[in-house]
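Report on one structure; see the data block that follows.
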Amino acid sequence: METIEESAQSLKQAWDTLKESEPQLRIRDAAAKLGVTEAQLLATGIGANVIRLTDNFTEQLEEFPKLGRVMSLTRSEGCVLEHKGPFQKIEMHQAGPHKIATVIGPIEQRVFFAGWKFGFAVTTETPRGTMKSLQYFDKAGEAIMKVYLQEKSNLEAYEELVKNNTAADQSAELDLEAFPAPEYISREELDFEAFSKDWETMKDTHDFFGMLRKYKLNRQDAVKWIDEKWAYEVDRLAARKIVETAAETKLPIMIFAGNKGNIQIHQGKVQTVRQMGDWLNVLDPDFNMHLNENVVDKAYVVHKNTEDGLVSAVELFDKTGEMVAQFFGLRKPGLPQKPEWKALVDSL
């Protein structure tokens, strides 16, 4: 039997060999090829370029504003959002036994700490120099959020955060566990009349989550089963038209993408749109989106009632029915959505 150290060492060797043959391969893809999780692969660097952090994640996040200008990366299976700027304002809220955080400013996030399990400080040598980051993962070993220092970041604040939060246990062994598969009801079991009435009488877009919980509904099933007045399927590549039109007409939009531990949100205009193979990219100075269209299986236009009138979104799903990304017209609470956004959605 291999010891934990030997197992980590042989995994590290396999990764090094893979990097030699495919130097451009990202760690997430390397982990998939090697049949492990990204967190396990990263943990092979503990003792060299990786430090394992404690699990007091709320306290660590509250220190992020001291880091100054950073790049924060959050992704779903098919969509990566990257924002540069400070963690300007962080508000903590208690949600049952777990905390959630609202991050407001140049980096906009909704953080769900129930999903957080592992944290690492990582130093990577790249052709552009030394890169330092904080990387967080859920209990299944999937990445939640990565925060990379930039030229103007506060290195002292980073080093202080790492020093104060270095875990006593610096082993490469990770206690991973799968998330239980949620149980959803079938179309036959659904009280469609009640569900339909609840949808129609929504007062706020956030009421939607409660409605899904109430009826034990999978999100994609909900938009698939509701009347076409409220949701209908469009071309799975609809995001192309959205970002291209938004860039051309300078229409401010919102893009949501994330995972079990964090949703990152873009709010504002997009400028530089580039299609590279299967990837639809927005490449702006302080914001990048990388949408892997290969992962997008279905796209729906979804309308919800609010006290400010109808709010329309385009929602992308992967083959397993998980959300890849959501697109909205930018609007502030208390104001209706822009007619230009509604016209764009109606044109899909």
Just checking my list (i) 19.1; (ii) 24.1; (iii) 17.2 against mean projected area of the Cα convex hull in nm² computed from this structure; which label fits?
(i)
Tell me, what is the 1.4 Å probe accessible area of VAL243, in Å² to the nearest 10?
0
Please work out the average accessible area per residue across the chain, using the 1.4 Å probe convention, and give it in Å².
51
By accessible area (1.4 Å), largest first, GLU77, GLU293, GLU22 order as GLU77, GLU22, GLU293
Starting from the 7 Å offset along Cα-to-Cβ, what nm value, one decimal, do you get for the label separation of GLN9 and GLU59?
3.5
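Accessible area, 1.4 Å probe, largest first: how do ARG236, ARG331, ARG128 sort?
ARG128, ARG236, ARG331
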Reachable lysines from LYS214, criterion Cα separation under 25 angstrom, eight or more residues apart if same chain:
LYS99, LYS197, LYS203, LYS224, LYS229, LYS260, LYS298, LYS304, LYS319
Find the percent of Cα-Cα distances in the stretch 68-143 that exceed 16 Å, and round it to a whole number.
62
Mean separation of Cα contacts under 8 Å (6+ apart) over length of the stretch 1-135, as relative contact order %
17
Taking θ = phi - 60°, what integer Hz values does the Karplus form 6.51 cos²θ - 1.76 cosθ + 1.60 yield along the stretch 78-85, in sequence order, with x for Gly and Pro?
x, 9, 10, 10, 10, 10, 9, x
Taking 8 Å as the Cα distance limit and 6 or more residues as the minimum spacing, I'd like the relative contact order of the chain as a percentage.
17
Does the stretch 144-189 come out rounded, prolate or oblate by the C-alpha gyration tensor, with a ≥ b ≥ c the root eigenvalues, rounded set by a/c under 1.5 and, if not, prolate when a/b is larger than b/c and oblate if not?
oblate
Rounded accessible area of THR17 (nearest 10 Å², 1.4 Å probe):
90
Order of exposure, largest accessible area first, which applies to GLU62, GLU108 with probe 1.4 Å:
GLU62, GLU108
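The values are calculated or read from the model by the stated rules, or taken from the named source; none is laboratory data. Source: prediction; values computed, not measured. Methodologically, a virtual Cβ is constructed for each residue, glycine included, from the backbone with ideal geometry; neighbour enumeration extends over all protein chains shown. Please note that ligands, DNA and RNA were not included when accessible areas were found on the heavy atoms of the full protein model with its side chains. Shrake-Rupley method; radii C 1.70, N 1.55, O 1.52, S 1.80 Å.
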